[in-house]
Every structure is written in structure tokens, then in C-alpha cells.
1. Would you pull out the residues with amide H under 5 Å of VAL313's amide H, same chain only if 5 or more places away, H placed 1.01 Å from N?
2. Step through the residues of segment 93-102 one at a time and calculate ³J(HN,Hα) from phi using the Karplus curve (6.51 cos²θ - 1.76 cosθ + 1.60, θ = phi - 60°), rounding each to whole Hz and writing x for Gly and Pro.
3. Which whole-number percent is the relative contact order of the chain (Cα, under 8 Å, 6+ apart)?
4. Convert 4 °C to kelvin, take the viscosity as 1.567 mPa s, use the Kirkwood radius over C-alpha pairs of segment 150-291 as Rh, and evaluate the Stokes-Einstein diffusion coefficient in µm²/s, rounded to a whole number.
5. What is the mean projected area of the alpha carbon convex hull for the chain, to one decimal in square nanometres?
6. For the chain, what does the helix formula give at 222 nm: sum of -39500 (n - 2.57) over DSSP H segments with n ≥ 4, over the residue count, nearest 500 deg cm²/dmol?
7. With +1 on the Cβ of every Lys and Arg and -1 on the Cβ of every Asp and Glu, and nothing else charged, how large is the dipole of the chain about its Cα centre, in debye rounded to the nearest 20?
8. Karplus couplings for segment 12-26 from phi (6.51 cos²θ - 1.76 cosθ + 1.60, θ = phi - 60°), rounded to Hz, Gly and Pro as x?
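The values are calculated or read from the model by the stated rules, or taken from the named source; none is laboratory data. None of these values were measured; they are calculated from a predicted model. Note: ideal-geometry Cβ built from the backbone for every residue, glycine included; neighbour counts use all protein chains shown. Surface areas here come from the heavy atoms of the whole protein model, side chains and all, with no ligands, DNA or RNA. Shrake-Rupley method; radii C 1.70, N 1.55, O 1.52, S 1.80 Å.
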Amino acid sequence: MLQNDLLLRTLRGEATERVPVWMMRQAGRYLPEYMVIKNKYGFFERCQTPELAAEITLQPVDIIGVDAAILFSDILVVPQAMGLEVELIESKGPNLPNPIQTKADLARIHVPNVEEQLGYVFEAIKLVKKELNNRVPLIGFAGAPWTLLCYMVEGKGSKTFDKAKAFCYTQPELAHTVLQMVTDTTIAYLKAQVKAGADVVQIFDSWGGLLSPHDFETYSLQYIRQIVAALKDEVLTIVFAKGAWHSLNAMAATGAAGLGIDWCIKPSVARELAGNQISLQGNFDPAKLLAPIPIIQQEVTTMLNAFGKGRYVANLGHGILPNVPVAHAKAFVDTVKQHVFNV
Ligand code: CP3
């Protein structure tokens, strides 16, 4: 039995003593303890070595006191397992030297046997579960098919991902073939994460907001829907599609237990769109963690009151920034833990 199951109970819609809190990208560069490991090993070496991945996963639980661990890994391990070369260039981000652009390129990707290709992730999950020793739940994750297609086609990060969009708009059949292959891989991948011990899974659609509401349904949501449906009987799922607030209602209808929201939407509007049957997660502006601590405390309090009691998980509206002081991250978490609702 988990000692702290606030996140699980909140996602199930049960009453809790207080609001659970964790931070997207909490295992990472704002922690000096992470930098020590980062300076010794390459990025994918850290992901592929269960002992290192487990140690990094545990850091924010031990140092910041969050209510959930999220596995240290990356969404890009999936395109890697499908056959694409992925590298991470320091201070530049992901690079895929041979992206997918034509029909002939499809021959270079396949739906892998996840146990064979991504076994190191499941080993890391087992190790984390052992080391957590039931203190808090473990969140597994994967990228949404649309966000992964963005990198698989564009070959690198981008503000607009216009190459990826052009690929969809000029070769829709090809795009849907790739999206379905990623979806099939992701379903098997997340099921194996759950089998290894993940208590919750989150789907990151970081670039969902680049699409119009109609295209979001066509190129993203229909695939997310398949993933959530496939996992529904096995695990609680959180869907985070940054910027896709227009589709909160449709995302709530997928059967997900929670929806991540960014800071560009008012909590009351998000609740109205998503309805009352789902938990909301978010939505502190990650850059606000650079403000002085008293401002953080004040604004977190305002956020908590705006979301109100129940069916709410406190988090950032996107990943924590590397230049956030550890004391500020801790102030964010502590303010949530100490909050008392008036009603
Ligand atoms: O949340 C966590 O702490 C768990 C680990 C995690 C990482 N990446 C580790 C990482 C998670 C959940 C991710 C998800 C991820 N990766 C997303 C979706 C979430 C989001 O932030 O939008 C995306 C789009 C990626 C792809 C990716 N990986 C990018 C764009 C970059 C470079 C830019 C950046 O944010 O650093 C990475 C590298 C990466 N993944 C780092 C970490 C800690 C930093 C590199 C390093 O520490 O060497």
C-alpha cells in the first residue's frame, strides 16, 4: 500500500486531506544533484542505465518533497526504438539526423517489440518502485503521437514545426501511417510501463497547441483517444496537450482521469470546458518560479483558490526551467502542502 496516495485518490475523484503536487520535468537541470550525474554521463546513457535513471527519478522526491515521482527518461526514446537515430545536443536540444520526409523513409521505421527495445525503461521502473518503497506513486509517460511526429519529421525542435505540418498537409496518408505506427508502439510501451509498476501515466502533447481545433482532432486527438481507451482498464491516465484548451471537453470525453492545462487559461474556464467528472492539473507559469518567494507563495495561493478543493492536482503549466532556484521550487511545493481552503 502506498503511504501517500493523494495523487491516485485525486485522479479517481475521491476526497483527500490536501491537494497533491508535483512538477513537470521535476527530474532535471535545476537540481545540483542532477548536474553531478549529467556531467559524468551522456543523456541517453542516463536514460538507458536503470541505476542512474532511478537515482535521478528519486531526487525531487527526496529533495523537494513532491507527492509523485516521474520516471527520468524522454519522449524521444520511442522514435529511437522505432528505428530513428536521435541525439541530444547540449544547449541545442534533440536532433534526428535522418528525419521522415518521404514514403521511402517509412522503410526505416517499424513498430518495435517494446520489451526488447525499451527493456531498460521497464528495468528502471522496477528499480524506482523498489527504492521508493511505497512512499509516493510513480508516473510513467510517453509523448503523444503528434508531438513525436513533430520531431520525427522536423528532425529538431522548432517554434512552428512547419516542416512537420507541411508533411501532414501535403502527404496526409503518410502522416496517418506514421501516427498510427507511433500510436501502436505507445500503447504497447505504456502497457509495459504499467506492468513494470507505473501507477499513473501521462501523455505529453507539448505541440498540440500548434494545430487548429479541427487539425488537433485529425492529427492528434484521435490517436490520444486510442491510447487512453487501450489503457483505461489498467491505469489512470493524464493527458497534457499544451495550448489545446479548445479541446478540453473532447479530451475529457476520452476517459482520461486528468487533464493537464497551461497558464494561458483561467482555472474557472478550464473547469467549465472540461466538466466536473475529471481532475485538472496545472497551471502555474513555470517562469513565475523565478519571482521572489513571497510572490510565488501569494500566486500559488491564488491558483489553489481558483481551482478549488477536489479533483485538482497542483503542477506547473509546462516543464520547470533549468534556471529556477531550488528554494523557489520548494516554496511552490510547500505552499501547496500548507494551503488550507476556507470552504
Ligand atoms: O519530467 C521529468 O522530470 C521526467 C523526465 C523527462 C525528460 N523529458 C527529461 C529530459 C520528461 C517527462 C521529458 C519529456 C519531454 N521530452 C517532452 C515533453 C514535455 C515538455 O517539456 O514539453 C519533450 C518535448 C521532450 C523532448 C526533449 N528532451 C527536449 C525538447 C529536450 C531539450 C530541451 C530541454 O527541455 O532540456 C530534451 C532533453 C531532456 N529531457 C532533458 C531532460 C532532463 C535536458 C537535457 C539534459 O539534462 O541533458
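1. Answer set, sorted by chain and number: LEU280, GLN281, GLY282.
2. In residue order, the calculated couplings are x, x, 9, 10, x, 10, x, 7, 9, 10 Hz.
3. Averaging sequence separation for qualifying contacts and normalising by length gives 22 percent for the chain.
4. Values: Rh = 16.0 Å.
Estimated via Stokes-Einstein, D reaches 81 µm²/s.
5. Numbers: hull surface 62.6 nm².
So the mean shadow area of the Cα hull is 15.7 nm².
6. Working: 16 runs with 155 residues, N = 343.
Estimated from H runs of four or more residues: -13000 deg cm²/dmol.
7. On the way: 31 positive and 33 negative charges, 107 e Å.
Its charge dipole is roughly 520 debye.
8. Residue by residue, segment 12-26 yields 7, x, 8, 6, 9, 5, 8, 6, x, 9, 8, 10, 4, 6, 5 Hz.
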